[in-house]
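Engineer: Take this structure first; my questions come after.
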Amino acid sequence: KQEVTQIPAALSVPEGENLVLNCSFTDSAIYNLQWFRQDPGKGLTSLLLIQSSQREQTSGRLNASLDKSSGRSTLYIAASQPGDSATYLCAVRVSNDYKLSFGAGTTVTVRA
Amino acid sequence: NAGVTQTPKFQVLKTGQSMTLQCAQDMNHEYMSWYRQDPGMGLRLIHYSVGAGITDQGEVPNGYNVSRSTTEDFPLRLLSAAPSQTSVYFCASSRSIDRVYNEQFFGPGTRLTVL
């Protein structure tokens, strides 16, 4: 069974600092990995999708890397802003399975 | 595009009542699914569909039914609500289950309380 872990569970940084969020998974036979953002009481917003054949994916201030062999992905958010405060979830789709296995999330607070 | 929409946003039920959570998408996506989100348990897959007329069970299907008569709609039915079904329910869709088009898009959620 795929286990997905996100450490730390919570993170507080001053505005302008770069954010580094970690995601690890136990089964390296993944189809892809997706990062989401969830604001309190809201749904999940897709940030980045990395295919298993890719090493990284970028969108604006966001950059996600994937190391399948070590079972790790890292989401970098450059020059953080108070509007980046949210919970960030990573989710892995294992080959030959339709479901996403989610981590518990990292709750980020960016202090102005 | 409205994306993935869900109704209602909030619902309170009594034990034993039944209801249907609605989910619709206007992106012509083949794949649709339902998750529930509980504190300490994360998001877990309830049921999914790979196309109209095709549904299957996920991790936690007991107490729920689904059907997919059209590409756009994927309702989730609670047959006889129990307090253990108190949760936030999310509907998601993706263009297909193929590798390239597998990005999942989520709706805003339905917050259900069963008394």
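Engineer: Rule-of-thumb check for segment A:25-73: C-alpha Rg over 2.2 N^0.38 Å?
Structural biologist: Numbers: Rg = 11.8 Å, N = 49, 2.2 N^0.38 = 9.7 Å.
Relative to the rule-of-thumb radius for its length, segment A:25-73 sits at 1.23.
Engineer: So if I restrict to the alpha-carbon atoms in chain A, what is the Rg, and what is Dmax, the biggest pairwise distance, in Å?
Structural biologist: Rg, Dmax (Cα atoms, Å): 13.4, 44.
Engineer: Given a 1.4 Å probe, how much area per residue of chain A is accessible, in Å²?
Structural biologist: Numbers: 5140 Å² over 112 residues.
I get 46 Å² per residue for chain A.
Engineer: Among B:Ser96, B:Phe106, B:Thr86, whose Cα projects farthest towards the positive end of the dipole of segment B:67-115, with charges put on the beta-carbon of Lys, Arg (+1) and Asp, Glu (-1)?
Structural biologist: Going by the Cα projections, it comes out as B:Thr86.
Engineer: Let me ask something else about it. What is the mean projected area of the alpha carbon convex hull for the protein assembly as shown, to one decimal in square nanometres? Could you put the intermediate results ahead of the total?
Structural biologist: Numbers: hull surface 48.5 nm².
Projected over every direction and averaged, the Cα hull of the protein assembly as shown covers 12.1 nm².
Engineer: Report the accessible surface area buried between chains A and B, summing both sides, using a 1.4 Å probe on protein heavy atoms only, in Å² rounded to the nearest 100.
Structural biologist: Its buried surface, counting both partners, is about 1800 Å².
Engineer: Turning to a different aspect of this structure: Could you please state how large a percent of the accessible area of the protein assembly as shown is carbon and sulfur, counting protein chains only and using a 1.4 Å probe?
Structural biologist: Working: 5150 of 10490 Å².
With neighbouring chains kept in place, the figure for the protein assembly as shown is 49 percent.
Engineer: Another question, if that's okay. If you take every DSSP beta bridge whose two residues both sit in the protein assembly as shown, what share of them, in percent to the nearest 5, is antiparallel? Intermediate results must be reported in sequence, preceding the final value.
Structural biologist: Working: 74 of 83 bridges.
The answer is about 90 percent antiparallel.
Engineer: Counting partner chain Cβ atoms within 10 Å of every residue's Cβ in A:41-48, what's the average?
Structural biologist: Working: counts 5, 3, 13, 11, 2, 6, 0, 1.
For this peptide, the per-residue mean of nearby foreign Cβ atoms is 5.
Engineer: I would also like to ask the following. What is the log10 of I(q)/I(0) for segment B:1-71, computed with the Debye formula using one identical point scatterer on each Cα and no solvent, at q = 0.11, 0.14, 0.17, 0.21 Å⁻¹?
Structural biologist: -0.31, -0.50, -0.74, -1.10
Engineer: If you don't mind, there's one more thing I want to ask. Sorted from largest down, what three extents in whole angstroms do the Cα atoms of segment B:40-87 have along their principal axes?
Structural biologist: In descending order, the Cα extents are 32, 22, 15 Å.
The values are calculated or read from the model by the stated rules, or taken from the named source; none is laboratory data. If you're wondering where the values come from, they're calculated on a predicted model, not measured in any experiment. Neighbour counts are summed over all protein chains in view; Cβ atoms, including those assigned to glycine, are modelled from backbone coordinates with ideal geometry. Ligands, DNA and RNA are stripped out before the accessible areas are found, and what is left, the full protein with its side chains, is counted by its heavy atoms. Shrake-Rupley method; radii C 1.70, N 1.55, O 1.52, S 1.80 Å.
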